[in-house]
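**Q** My questions all concern the structure below.
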Amino acid sequence: MSSQLNTVPGWQEAVADKRQRLQGLIPKEWIIPPIPEDQQNVLDTPKDCGLLTDRELEITNTPDVSVILQKLANAEWSAVEVTTAFSKRAVIAHQVVNCLTEIFIEQALQRAAELDAYLKEHGRTVGPLHGLPVSLKDQFPIKGLETVMGYAAWIGPVAEEDAVLVQLLHQAGAVLYVRTNVPQTLMWGETHNNVFGRTLNPYNRKLTPGGSSGGESALIAMHGSPLGVGSDIGGSIRVPSHFCGLYGFKPSSHRIPSYGIVNSLDGQDSIPTAIGPLTISLSGVTAFIRSILNTEPWRYCPNTVPKPWVQDEYLLKNHGEGKKLCFGIMWDEGSVKPQPPVLRALGMTKKALEASGHKVIEWKSLRHAEYVAIARSTWLADGSEDYNSCLTTGEPLINSMVPGADPNDVPAFRVPRKPLTAFQQWQLNKERRALRKAHLDRWEATISETGTGRPIDALICPVAPYAAVPHGQTRSSIYTIIWNTLDCPALVIPVTKVDRHVDIKPSRESFWSDEDRAVHEMYDSEICEGLPVGIQLVGPTLLEEAVLGAGEVVDKALKAV
């Protein structure tokens, strides 16, 4: 008679081994007692579990990355103690929301000790991110480590060299210590795969933290990392940031180096992946972008635009130096109306800016459905050959994020399409080019409305039509895909939290689309109570510094009220 082990498919054996090895990397003294399964909000677990000292709680609860960097630079905090504190908190987070895929704390502490020794000997930091723990989405190879990216077939092989961004983070003085979970194929607004399982939202574990950078958002929301790096091809940085109350930034696609990463749809360059940060503070976004650009990444990554950090753009020198700006505001994209908390966040942002002396004008949706259609057609142009090539061990393709879903129940947007010919893809590229031109002309035409003598300085819009939703309930990422198709930089800024007494579900008799009806009907203020809600701030292609400068204006205005 065959043993039970011999009846288990090989890919499942590999998964079991990988999970066991990951668990073995957690120091035994850092394992916490299980929390009740029905405890949904676990944000206080790091404080309540008793594992962290008061000093470690002070370090990890610091709400501003610039403060952490300052204390590291002046040796008020050592890199070793900061790394230890965030490592412990990351491991705590993992035990309650399942967010990690790789843990390499021993190497991180060795690196931190080297940084402390350098600072003591030379009296200066190694670089602008000196001693800062930085987490990475499970797409960034690190020499000697596996990069599984949610595929059983990718278990085993280890990287022979670091991805370019990993090299540059090291050069800037960062301490890398963990990598985080992603969905199988990456092309999901949630985070679940057959290797590591499902990542949960720490605000409510019945809800998703978003995807595909959902491991990052869950970890950072629990302050298990002050700053993480993700990727975004359709909202994969921005949606998780919005769902978990973080600042997140999708730059233009070729501003931050991507060479050496592993990826889905690798080689598809019509709508490229953008690399960017998720973090606890706007200063973290700026520190990351400025630090990486100052390493001259185009010298190491051939498709990175050779544009260094431009301080005058960040200071809004060409935007009235940040005084009396004019913003556009897009309340909806025309087919799906945002739920009440999202509309309230937009309204709060508008009022805050106007109270600070700025102007906000309406931006009506136009042809946005075309942007989304082009993106979807491009991503499916291979007829799912990319996905299938990564499932060589017999591992099944995940077709639904609903817990316990029938694997044979394939939603319409996951049904493979007939592959496009090269000529057909070229036609999509031509359509995209025309749409980008139309958008640029429309942006420039706002000069007639702004009263500043220039077009709008940035555009405010939703990140998604809802706050975090139950597992398996995310819909199309239409509000973020638009800006990938146009290759515009887009910043997520947290604004408020759902208040069931204020964000009351309205009565509606007519709907713009079936999707609009579904989003309206799924809103439940009781389930959403206390969830973060953010807005998206968008600017023209390759003007990342100006978007971050405008983001400072928006963030300051919101905090003033």
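**Q** Starting from 0.36 nm per residue, how many nanometres of slack lie between residue 442 and residue 40 once their C-alpha separation is accounted for?
**A** Using 0.36 nm per residue and subtracting the Cα-Cα distance, I get 140.2 nm.
**Q** Any chance you could tell me what percent of the C-alpha pair distances in region 282-374 go past 22 Å?
**A** Result: 56 percent of Cα pairs exceed 22 Å.
**Q** Find how much the distance from residue 296 to residue 426 grows on full extension, using 0.36 nm per residue of separation minus their present alpha carbon separation; answer in nm with one decimal. Before the final figure, lay out each step's value.
**A** Values: separation 130, 0.36 × 130 = 46.80 nm, distance 3.22 nm.
Full-extension gain reported as 43.6 nm.
**Q** Just how far, in whole angstrom, is region 442-474 from region 207-254 if you go by their alpha carbon centroids?
**A** 19 Å
**Q** For n ≥ 4 DSSP H runs only, could you compute -39500 (n - 2.57) per run for the chain, divide by its residues and tell me the 222 nm figure to the nearest 500?
**A** -11500 deg cm²/dmol
**Q** What trypsin sites (Lys or Arg not before Pro) does region 86-140 have in DSSP loop regions with at most 13 other beta carbons within 10 Å?
**A** Filter output for region 86-140: 124.
**Q** Would you please classify the overall shape of region 219-314 from the alpha carbon gyration tensor, given that a ≥ b ≥ c denote the square roots of the eigenvalues, rounded means a/c under 1.5, and beyond that prolate means a/b larger than b/c while oblate covers the rest?
**A** oblate
**Q** So, one more: Any idea what Rg and Dmax come out to for region 20-101 if you just take the C-alpha atoms, in Å?
**A** When restricted to the Cα atoms of region 20-101, Rg and Dmax are 13.8, 44 Å.
**Q** Counting just the Cα atoms, what span does region 112-262 cover along each of its three principal axes? Round to the nearest Å and put the largest first.
**A** 49, 34, 29
**Q** Also, quick follow-up: Semi-axes of the equivalent ellipsoid of region 47-303: what are they in whole Å, largest first, if each equals the square root of 5 times a C-alpha gyration tensor eigenvalue?
**A** 26, 22, 17
**Q** Set the Förster radius R0 to 30 Å, insert the Cβ-Cβ distance between residue 413 and residue 303 as r into 1/(1 + (r/R0)^6), and round the FRET efficiency to 0.05.
**A** 0.55
**Q** Ranking 143, 28 by Cβ neighbours within 10 Å, fewest first, what do you get?
**A** Least to most surrounded, the residues fall as 28, 143.
**Q** Can you tell me the Rg and the Dmax, both Å, for the Cα atoms in region 341-419?
**A** Answer for region 341-419, Rg first and Dmax second: 20.7, 60 Å.
**Q** Same structure, new question: What is region 441-561 by shape, rounded, prolate or oblate, if you read a ≥ b ≥ c off the alpha carbon gyration tensor as root eigenvalues and call it rounded for a/c under 1.5, prolate for a/b larger than b/c, and oblate otherwise? Numbers along the way, then the final one.
**A** Working: a/c = 2.02, a/b = 1.61, b/c = 1.25.
Prolate is the answer for region 441-561, as a/c is 1.5 or above and a/b outweighs b/c.
**Q** Radius of gyration and Dmax for region 490-534's Cα atoms, expressed in Å?
**A** Final numbers for Rg and Dmax: 12.5, 34 Å.
**Q** Further question on the same structure: Could you pull out the pairs from 71/120; 88/137; 351/556; 437/556 whose alpha carbons sit more than 22 Å apart here?
**A** Numbers: 71/120 14 Å; 88/137 18 Å; 351/556 13 Å; 437/556 32 Å.
Too far apart for the 22 Å limit: 437/556.
**Q** Moving on to the next point. Round to a whole angstrom and tell me the spacing of the C-alpha centers of region 131-177 and region 54-86.
**A** 23 Å
**Q** Among DSSP bridges having both ends in the chain, what percentage is antiparallel? Round to the nearest 5.
**A** Taking every DSSP beta bridge with both residues in the chain, the antiparallel ones total about 65 percent.
**Q** Need one number: nm distance between label points at residue 508 and residue 121, each 7 Å from Cα along Cα→Cβ, rounded to one decimal.
**A** Those two pseudo-labels are separated by 6.3 nm.
**Q** Another question, then. Would you mind computing, in nm to one decimal, how far apart the modelled labels at residue 13 and residue 454 are, each placed 7 Å from Cα along Cα→Cβ?
**A** Spacing of the two 7 Å Cα→Cβ label points: 6.4 nm.
**Q** In addition: Between residue 361 and residue 434, what length in nm is gained on full extension when 0.36 nm per residue of separation is reduced by their alpha carbon distance?
**A** Stretched fully, the residue 361-residue 434 segment lengthens by 23.8 nm.
**Q** What's the FRET efficiency of residue 32 with residue 526 using the Cβ-Cβ distance as r and R₀ = 30 Å, to the nearest 0.05?
**A** 0.55
**Q** Oh, and also: Counting residues in the chain as N, plug N into 2.2 N^0.38 Å and put the Cα Rg over that result.
**A** 0.93
**Q** At what distance in nm do the modelled label points of residue 269 and residue 310 sit from each other, each positioned 7 Å from its Cα along Cα→Cβ?
**A** Placing both labels 7 Å along Cα→Cβ, they lie 2.3 nm apart.
**Q** To the nearest 20 debye, what is the magnitude of the charge dipole of the chain about its Cα centre, counting +1 on the Cβ of each Lys and Arg and -1 on the Cβ of each Asp and Glu?
**A** Here the size comes out at about 1020 debye.
**Q** Taking neighbour counts of Cβ atoms within 10 Å as a proxy for exposure, in what order, fewest first, do 514, 64, 457 appear?
**A** 514, 64, 457
Taken together, the values in this text are just the output of simple stated rules run on the coordinates, not laboratory data. The model shown is predicted, which means the values in this text are computed figures rather than measured ones. Here the Cβ is made from the backbone with ideal geometry for all residues, glycine too, and neighbour counts use every protein chain on show.
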